[in-house]
Amino acid sequence: MTAHTELQHLQNLQSTFPLANGSRMPWLGLGVFKVPEGDAAASAVKEAIRQGYRSIDTAAIYDNETSVGAGIREALAETGIAREALFVTSKAWNADLGYEETLAAYETSLRKLELDYLDLYLIHWPVAGKYKDAWHALEKLYADGRVKAIGVSNFHVHHLEDLLQTASVAPMVDQVELHPRLQQPELRAYAAGRGIRIQAWSPLMQGGLLDDPTLTGIAQRHGKSVAQIILRWDLELGVATIPKSTRAHRIAENADVFGFSLTEEDHRLIAAMDRGERVGPDPDDFDF
């Protein structure tokens, strides 16, 4: 199914797309990077679920899994939504990569979240010499039915090619930094040809794009915010996205991206913004 065909079914926050194994993943979710443990994280998660979000993305290194889990439980109790309706993602941190280490890290994340399973578990960064053993651990978790889907984060094409040489199961998702100034066309094309779905982290470039004149002009023409234009652009590329917010009105605004479409000219203007510019580390050059 092409991105264009999928868009015909993209109606609201409950809209999903199929991963390679048939699991359904929501197009748009809530990210909680840099949201501190405590009421802020729990309240953001609870508010998002209340507003209709079904995808929640966290990670061991964010140090907020306990609060994210609390927010999930409170929201489910309030709304009556079933756990199975949610899509919860976490990630194994670099210090925990290795076969036994990654298996243990998964159990720690489940314990903190107080969940029986995750919908998606990712290797957070491609640590040389470690990510293949970690991937075999994810494959075991998947084979044992402990996790619904498995994937990676911050993997370049050459990392994926290396991993696929020894993998029994291909990653279903690659979650990467992606926004109008870092559009990753080569990675997107490679992933599309292998059934790997791309999910964008930092889709708003940590707020660095909100005053961009090109995006401001497009937003004015559509009567939308710059954030809404960027998130809609993600979806029209066939890219899932997880904007972060802790404020109820921003959580609502980020979700209001289903009632309009960008034009070909909009896409041309945004395509011209690509500079290969990152706000996070390059996966080929990180030291943590």
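Structure summary
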read-out: Test result for Ser90, crowded, with 24+ Cβ neighbours inside 10 Å and either out of contact with any strand residue (DSSP E or B) (no Cβ under 9 Å at 6 or more places or on another chain) or part of a helix (DSSP H, G or I) (or both); value: no
read-out: Top-ranked residue in the range 221-276 [being crowded, with 18+ Cβ neighbours inside 10 Å and among the basic types (Lys, Arg); ranked as nearest to Ala42 (Cα to Cα)]; value: Lys244
read-out: Residue ID - farthest from Lys112 (Cα to Cα), chosen from residues in the range 29-44 that are in contact with a strand residue (DSSP E or B) (Cβ under 6 Å, 6 or more places away or on another chain) and hydrophobic (A, V, I, L, M, F, W, C); value: Leu30
read-out: Residues located in the range 66-93, provided they are more than 18 Å from the chain's Cα centre (by Cα) and among the hydroxyl-bearing types (Ser, Thr, Tyr); value: Thr66, Ser67, Thr79
read-out: Pair list, Cβ under 8 Å, 6 or more apart: the range 97-116 residue more than 14 Å from Thr58 (Cβ to Cβ), other residue aromatic (Phe, Trp, Tyr) and at pLDDT 95 or above; value: Leu97/Tyr131
read-out: Helices (runs of 4 or more DSSP H) (entirely within the range 171-288) containing at least 1 residues that are touching a strand residue (DSSP E or B) at 6+ places or on another chain (Cβ under 6 Å); value: 185-192, 226-237
read-out: Lone qualifier among Ser43, Ser109 - being among the polar types (S, T, N, Q), more than 23 Å from Asp174 (Cβ to Cβ) and in a helix (DSSP H, G or I); value: Ser43
read-out: Residue among Asp96, Asp116, Asp63 that is within 20 Å of the chain's Cα centre (by Cα) and of a type in the set (D, E, K, R); value: Asp63
read-out: Among (1) more than 15 Å from Pro281 (Cα to Cα); (2) of a type outside the set (A, V, I, L, M); (3) surrounded by 15 or more Cβ atoms within 10 Å (Cβ to Cβ), the one test that Gly207 misses; value: (3)
read-out: Set Glu101, Glu114, Glu186: member being at negative phi and surrounded by fewer than 16 Cβ atoms within 10 Å (Cβ to Cβ); value: Glu186
read-out: Meets criteria (among the hydrophobic types (A, V, I, L, M, F, W, C) and free of Cβ contacts under 8 Å to residues at least 24 places away in the same chain) for Ala59; value: no
read-out: Top-ranked residue of the range 122-161 - restricted to ones that are assigned to a strand (DSSP E or B) and not small (Gly, Ala, Ser), ranked as surrounded by the fewest Cβ atoms within 10 Å (Cβ to Cβ); value: Val147
read-out: Qualifying positions in the range 128-156 - closer than 25 Å to Arg232 by Cα and of a type in the set (Val, Ile, Thr); value: Val152
read-out: Within the range 46-64, tally of residues that are assigned to a strand (DSSP E or B) and touching a Phe, Trp or Tyr at 6+ places or on another chain (Cβ under 6 Å); value: 1
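The values are calculated or read from the model by the stated rules, or taken from the named source; none is laboratory data. These numbers come from a predicted model, not from an experiment. A quick note on method: Cβ atoms are made from the backbone with ideal geometry, for glycine too, and the neighbour counts reach across all protein chains shown.
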